[in-house]
1. Within region A:782-813, track down each residue that is assigned to a strand (DSSP E or B) and touching a Ser or Thr at 6+ places or on another chain (Cβ under 9 Å).
2. With A:ASP607, A:ASP646, A:ASP614 as the choices, which residue is open to solvent by 10 Å² or more (accessible area, probe 1.4 Å) and at pLDDT 65 or above?
3. Here is a list: A:LEU252, A:LEU202, A:LEU229. Which entry is closer than 30 Å to A:PHE388 by Cβ, assigned to a helix (DSSP H, G or I) and away from RNA strand B (no atom under 12 Å from the Cβ)?
4. Which fully enclosed helices (runs of 4 or more DSSP H) of region A:679-758 have 1 or more residues being farther than 26 Å from A:ASP210 by Cα and of a type in the set (Val, Ile, Thr)?
5. Anything in region A:350-361 that is out of contact with any strand residue (DSSP E or B) (no Cβ under 7 Å at 6 or more places or on another chain) and either crowded, with 20+ Cβ neighbours inside 10 Å or not in a helix (DSSP H, G or I) (or both)? List them, or say none.
6. Checking A:ARG122 against (1) of a type in the set (D, E, K, R); (2) without any contact (Cβ under 8 Å) to a residue 60 or more places away in the chain; (3) within 28 Å of A:ALA16 (Cβ to Cβ), which test does it fail?
7. Restricting attention to region A:819-842, does a residue exist that is more than 13 Å from RNA strand B (Cβ to nearest atom), under 20 Å from A:ALA792 (Cβ atoms), part of a strand (DSSP E or B) and modelled with pLDDT of 85 or more?
8. Quick one: which of A:PHE720, A:PHE651, A:PHE673 is within 19 Å of A:LEU114 (Cα to Cα), under 35 Å from the mean Cα position of the chain (by Cα), open to solvent by 20 Å² or more (accessible area, probe 1.4 Å) and touching a residue at least 12 places away in the same chain (Cβ under 8 Å)?
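The values are calculated or read from the model by the stated rules, or taken from the named source; none is laboratory data. On a predicted model such as this, the values are computed, not experimentally measured, just so you know. Every residue, glycine among them, receives a Cβ derived from its backbone with ideal geometry; neighbour counts consider all protein chains shown. Only protein heavy atoms, including side chains, enter the accessible area calculation; ligands, DNA and RNA are left aside. Shrake-Rupley method; radii C 1.70, N 1.55, O 1.52, S 1.80 Å.
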Amino acid sequence: MSAYDAATIEARWQAAWEKAGTFKAEMSADKPKYYVLEMFPYPSGRIHMGHVRNYTMGDVIARYKLTTGHAVLHPMGFDAFGMPAENAAMKSGGHPKDWTYANINEMVAQMKPLGFGLDWSRMFATCDEEYYGQQQALFLDFLEQGLVYRKNAVVNWDPVDMTVLANEQVIDGKGWRSGAEVERRELTQWFFKISDMADELLTALDGLDDWPAKVRLMQQNWIGKSRGLQFSFERTDGGAPIEVYTTRPDTLMGASFVGLSPDHPIVKEMEGANPELAQVAAAMRKGGTTEEALEKAEKLGFDTGLKVKHPLNPDWELPVWIANFILMDYGTGAIFACPAHDQRDLDFCRKYDLPVIDTFFALDNPKPVETEAFVPARTDKVRWVNHFAGLDMATGQEAIDATIDFAEAQGWGKGKEQYRLRDWGLSRQRYWGCPIPVVYCDTCGVVPEKKENLPIALPYDNGNEEIDFSVPGNPLDRHPTWRNCACPSCGAPARRETDTMDTFVDSSWYYARFTAPRAETPTDMDAAKYWMNVDQYIGGIEHAILHLLYSRFFARGMIKTGHLPESAAEPFNALFTQGMVTHAIYQTKGDDGRPVYHYPEDVDLRDGSGFLSDGTEVEIVPSAKMSKSKNNVVDPLNIIRDFGADTARWFVLSDSPPERDVEWTASGAEAAFKHLTRVYRLATEAAGADTAANDQDEALLREMHKAIRDVTLGVESFGFNAAIAKLYAFTATIQKSKAGSEAKCTALKTLAQLMAPMTPHLSEEAWSILGGEGLIADAPWPQADKAMLVEASITMPIQINGKRRGEMSIAADASKADVEALALTHDVVVKALDGGQPKKLIVVPGRIINVVV
RNA sequence: GCCCGCGUGGUGGAAUGGUAGACACAGGGGACUUAAAAUCCCUAGGCAGGAAUGCCGUGCCGGUUCGAAUCCGGCCGCGGGUACCA
């Protein structure tokens, strides 16, 4: 009998699938289709266990659906534009394109041995001219439909490197390379009008029943629909009134000051005549642009000297301050502050000695606000002490509604629905992205490129005009010739747009492209109609908001521009968000005091301590997301070399629920390998045995049908770890069973089928050993026989006052009255009642009996 | 700061209002073996007890319920997102 030789087995069956075209996606008129997609990877160069886990989950679904009679589309590609390629070019020379394609080749070579049932013929990378050329065509169609426009927006500006920085390149408000304090600077940029669809994107969330509730909630909060009041404050100097938007107009009588964003037009207007104000505003514009940075920054204010009249009392004058926490992008860039009922406003007013006016109190506690703002839930009733619409006791929401009605009736304000969602700025001042296909002409202005001129390709080693990453900034902007072109409208010399697109654009429609990856238009309608939508989308929770929201927007845009059918507005029918694979970090201290990270394979673990080969002890940081920079990455190739791909696949699914993070440990991998070896051995033993049928057969087959039921449920509900636990138990049952060899072979063939989505190579081998017909990948999924699942009697636990005190066995079809009668005769119940009557008797059929005494 | 999650034995975890700890790892004991490896069997939350058994126990505090890991409120810790990382 030969041993389990994973390497040989895996190569054999991968070749067999390839030859049979098992995973080639074909449209079929007589099969239901199933489209399963995992979020495609960034080509960092090496795959890690996180990728293995993610793609194994998708593969389990894909292979399972193939055996249930579906035409399956399961493609793979690469999200290949982005900053790391440019950073690599800056650091070690070379070209982003060469770096990226080398990485892609490397990663494909690492993924193939894992035996994923992917249709590799559909593979593409977003940096392929073929792909981004079609993306440029989409952009032009979106532009024509009014879904794209230009406006000014702020970016992180490094004043030393004279370049735009990404948020992750701003560390503590300073540029990552220059160390200079970052400034906020305005540039004219391209935007997608996602805000036009805010309401649609919000209401459609209700229909996404197979998305995690947490993702829908995050998107709902992100879109942030609110109803508030818009009105203006008259200035005492007769200047243009200050328009404000507030979601708490009911607190207007508690107004303390009017606040302007440092980027507000009034501030900019005053800067010229007021050097002190200009200096303060400039200081406030320093630091990064992220919401987090703005919210966490120390609250700073400056009195402009302007005064406005309170809309309800012309004699009441409020000062106008500039405040660094007010965003120009939200509402009107101006607010009024009510410190009594907003902690941030209160902190600001205490700091600058501005008045605090209570407008309502808790019903049972009329205490004036001192250092803590009183901010009850909007549904709580409060007592109003300072209001104008005749309110006494009312909830915050009632007061808001009443205030808006009052303001509208008097004509000084208007109720308005507002969204937190901002338009999607897509311009990036970088080389390694999809060029935005527009041209600037002195005569014609901003002109879209003609479709026949697409793709507008990135320049690459064009003679002596090579792009240059040795200096910061956008190489396209510096390129001597690339930007020179003819105006598509008048033919005169003109300049190309040198900004490229946000990489989120690339990933917002790749799912549609996979349905016809070589089409000469962005999509092929017949293919899109057949394959869309994605039936199961799988990816990280970190994409809960931006990627998924942008994809939902893009699908709608593609419908509007005729690239997708109406039915594809929500492109992902079901979403599953998987957890990360983590691993301990091993570090020592370098000479400069900074941590030095060591690879797991270089660390020898003894009694919970780790040592390098020279004996140095390392510090162990328990568990962190696998990350190249921390060297805590476990290379799946090592696992495949030692144990085989099936072991790696089995383990990443076995020990942890898919939505949660999983810690990689080699001991777990060994256990998985042991199990697969056991299954292989059982199969070879059973195939060679010849024992007669006997009275143990039925018990084994009953367990088999239970396993079919449980594993099928596990696979369909992403309960892979639970399914695997059942498979361990079923394997042990087979091993211990004294059933005849025919029954054992039947059980083992079913075991091989149930394991096949997870361990496809071993399953094919076992199937073949046991005389199964054809490929297990094509064999119909086993069906549980309901008759074999019925149990004659069940065990029910008995509780006394909610605590388990005993159990009893009873016929499975016993009536509730029978159960009650039998329970009352049980020893523990008789003892607990001590001759008395039960206070209450609860019987949950099939589950539990609780006697309250 | 704000939004969204998560927290259960020595470890990964199971249990979605009904027997807390399935399954697995590490540990302990045993069988087989000249020996080892491999394999198989037993054991295993804590405390007390010879045992039967009892008490405690799902981050912490409180609540709802006949019954809470699970639902509600408050707190602590960790993770994800925060619009130019992907």
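1. At the first step, the residues of region A:782-813 found to be assigned to a strand (DSSP E or B) are A:793-800, A:803-811.
Selection gives A:SER793, A:ILE794, A:THR795, A:MET796, A:GLU807, A:MET808, A:SER809, A:ILE810, A:ALA811.
2. On the way: A:ASP607 fails: at pLDDT 65 or above; A:ASP646 fails: open to solvent by 10 Å² or more (accessible area, probe 1.4 Å).
Unique residue meeting the criteria: A:ASP614.
3. Working: A:LEU202 fails: closer than 30 Å to A:PHE388 by Cβ; A:LEU229 fails: assigned to a helix (DSSP H, G or I).
Exactly one of A:LEU252, A:LEU202, A:LEU229 is closer than 30 Å to A:PHE388 by Cβ, assigned to a helix (DSSP H, G or I) and away from RNA strand B (no atom under 12 Å from the Cβ), namely A:LEU252.
4. On the way: elements: A:697-716, A:720-736, A:741-755.
Answer list for region A:679-758: A:720-736, A:741-755.
5. Of region A:350-361, the ones out of contact with any strand residue (DSSP E or B) (no Cβ under 7 Å at 6 or more places or on another chain) are A:350-351, A:353, A:355-358.
Once the filter is applied, which keeps residues that are out of contact with any strand residue (DSSP E or B) (no Cβ under 7 Å at 6 or more places or on another chain) and either crowded, with 20+ Cβ neighbours inside 10 Å or not in a helix (DSSP H, G or I) (or both), region A:350-361 yields A:ASP353, A:PRO355, A:VAL356, A:ILE357, A:ASP358.
6. Here A:ARG122 meets the rest and fails (2).
7. No, there is no match, as no residue in region A:819-842 is more than 13 Å from RNA strand B (Cβ to nearest atom), under 20 Å from A:ALA792 (Cβ atoms), part of a strand (DSSP E or B) and modelled with pLDDT of 85 or more.
8. Details: A:PHE720 fails: open to solvent by 20 Å² or more (accessible area, probe 1.4 Å); A:PHE651 fails: open to solvent by 20 Å² or more (accessible area, probe 1.4 Å).
Just one listed residue meets the conditions, A:PHE673.
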